[in-house]
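The values are calculated or read from the model by the stated rules, or taken from the named source; none is laboratory data. Note that the coordinates shown come from a computational prediction; the quantities given were computed from them, not determined experimentally. Here the Cβ positions follow ideal geometry from the backbone for every residue, glycine too, while neighbour counts run over all protein chains shown.
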Amino acid sequence: MNDQPKSGEAMISAPGEPKIRNVNWGGLKTLYIKEVRRFFKVQLQTVWAPAVTTLLFLVIFTVALGGRGRHAVMGVPFADFIAPGLIVMGMLQNSFANASFSLLVGKIQGTIVDYLQPPLSTAELLAGLAGGAVTRAFCVGGAVWIAMALWPGVHASPMHLWAILWFGFLGSLFLAFLGVLTSIWAEKFDHAAAVTNFVVAPLALLSGTFYSVERLAPAFQVVSHLNPFFYIISGFRYGFLGVSDSPVAVGAVVVLAIDVAIGLLCYALLRTGWKIKN
C-alpha cells in the first residue's frame with residue numbers, strides 16, 4: 001500500500017511529535033501584531049502625547065537656556081544639539097513603557113495564559129514582546145523627528161543613517177528587554193512605576209541629553225560613562241550632527257554587549273517561569 005498522503009490531504013503528526021519544528025512564524029506574527037495593535041488603538045496616548053511632551057522639552061530648554069549665552073554646544077547650536085537626544089530619549093522611554101505593560105497586566109488581570117498557552121517558544125515570546133516595544137519606539141521617534149524638522153530654528157537632518165538606525169534600534173531593544181524584566185519581576189503597577197521613576201527617568205535625564213559630558217568634572221564624567229544611556233544618546237546624536245561625547249565604535253560595541261546580556265537574562269527568566277508560572 002502507498003502510505004504517502006494524497007495531494008490536498010492534511011498531514012497529521014503522531015502523538016507527541018511536534019508539528020512546528022523550527023520557528024512558529026504564524027504565532028510570532030500574531031503576537032507581534034497584537035502588541036502593535038494594542039498601543040496603536042490608543043495612539044493619541046501612546047504615540048502623539050509623548051511626541052508633544054518631547055517637543056515641549058525642546059521649546060522650554062531652548063528658550064530658558066539658549067538665550068543665556070549657551071548658543072552653541074560642541075560647535076553646534078544648542079537647539080540642534082539637544083534635538084537628537086530628545087528624539088532617542090522619547091524612543092527609549094516609550095519602548096520601556098510598552099514592554100513593561102504586557103506581561104504585568106496579564107499577571108494582574110489573570111490573562112497571562114494568553115501569552116503562555118500558545119505554541120510559542122521562549123525566544124518567540126520574547127521576540128514578539130520586544131518587537132512590539134521597538135515598533136512603538138520608532139513610531140514615537142518618527143513623530144518627534146517630523147515635529148522637530150518642521151520646527152523653526154532646529155536642524156535635524158540625518159548625516160550618518162547607520163548610526164541612527166544602530167543606536168536607535170539597539171537602544172530601544174535594550175529598554176524593551178528592561179521592560180520585560182520589569183514586568184516579570186513586578187507584581188503591581190506601582191513596581192513598574194518605581195522602575196520608571198527611579199531608574200529609567202534619571203538615567204535618561206543624566207545621560208548628556210541636555211549638556212555635553214565633556215563639561216563635567218572628571219568624577220562626574222566617569223559616572224556618566226557608566227550610564228548605558230550615555231552611549232545610546234551620544235551615538236544617536238552622532239548620526240545627526242557628526243559629533244559625539246565618546247568614540248562611536250566603543251559605544252556601538254557597549255550597547256550591543258548590554259543588549260546580548262540583558263536579552264539572555266530575559267530568556268532565562270521566561271524559560272524558568274520565575275514569577276510567571278510559579
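Side notes on the structure shown:
- Meets criteria (of a type in the set (Val, Ile, Thr), in a helix (DSSP H, G or I), surrounded by fewer than 21 Cβ atoms within 10 Å (Cβ to Cβ) and touching a residue at least 60 places away in the same chain (Cβ under 8 Å)) for Ile82: no
- Region 148-164 residues that are under 21 Å from Phe57 (Cα atoms), paired with ones that are of a type in the set (Asp, Glu) and at pLDDT below 90 (beta carbon under 8 Å, 6 or more apart): Val154/Asp80; His155/Asp80; Ala156/Asp80
- Taking the listed residues Ile262, Ile233, the one that is buried (at least 22 other Cβ atoms within 10 Å of the Cβ), part of a helix (DSSP H, G or I) and aliphatic (A, V, I, L, M) is Ile233, with no other qualifying.
- Any hit, region 248-256, residues being part of a helix (DSSP H, G or I), touching a Leu at 6+ places or on another chain (Cβ under 9 Å), more than 20 Å from Leu126 (Cβ to Cβ) and in contact (Cβ under 8 Å) with a residue 60 or more places away in the chain: yes
- Of the residues making up region 66-77, those that are modelled with pLDDT under 65 and either more than 18 Å from Met148 (Cα to Cα) or not in a helix (DSSP H, G or I) (or both) are Gly67, Arg68, Gly69, Arg70.
- Of the residues making up region 208-230, those that are free of Cβ contacts under 8 Å to residues at least 60 places away in the same chain and either closer than 20 Å to Val254 by Cα or β-branched (Val, Ile, Thr) (or both) are Val213, Phe220, Gln221, Val222, Val223, Ser224, His225, Leu226, Asn227, Pro228, Phe230.
- Among the candidates Ser212, Ser224, Ser172, Ser207, residue that is more than 13 Å from Asp259 (Cβ to Cβ) and surrounded by 23 or more Cβ atoms within 10 Å (Cβ to Cβ): Ser207
- Complete set of residues in region 136-169 that are buried (at least 20 other Cβ atoms within 10 Å of the Cβ), under 10 Å from the mean Cα position of the chain (by Cα) and over 23 Å from Phe78 (Cβ atoms): Arg136, Ala137
- Test: Gly131 is touching a residue at least 40 places away in the same chain (Cβ under 8 Å), part of a helix (DSSP H, G or I) and either within 21 Å of Asn24 (Cα to Cα) or of a type in the set (Lys, Arg) (or both): yes
- Val180 vs. criteria more than 22 Å from Ile87 (Cβ to Cβ), aliphatic (A, V, I, L, M), in a helix (DSSP H, G or I) and in contact (Cβ under 8 Å) with a residue 24 or more places away in the chain: yes
- Selection of region 213-245 for residues being closer than 19 Å to Pro158 by Cα and of a type in the set (Gly, Ala, Ser) yields Ser234, Gly235, Gly239, Gly242, Ser244.
- Filter pass, Ala186 being in contact (Cβ under 8 Å) with a residue 12 or more places away in the chain, more than 23 Å from Ile33 (Cβ to Cβ) and out of contact with any Leu (no Cβ under 8 Å at 6 or more places or on another chain): no
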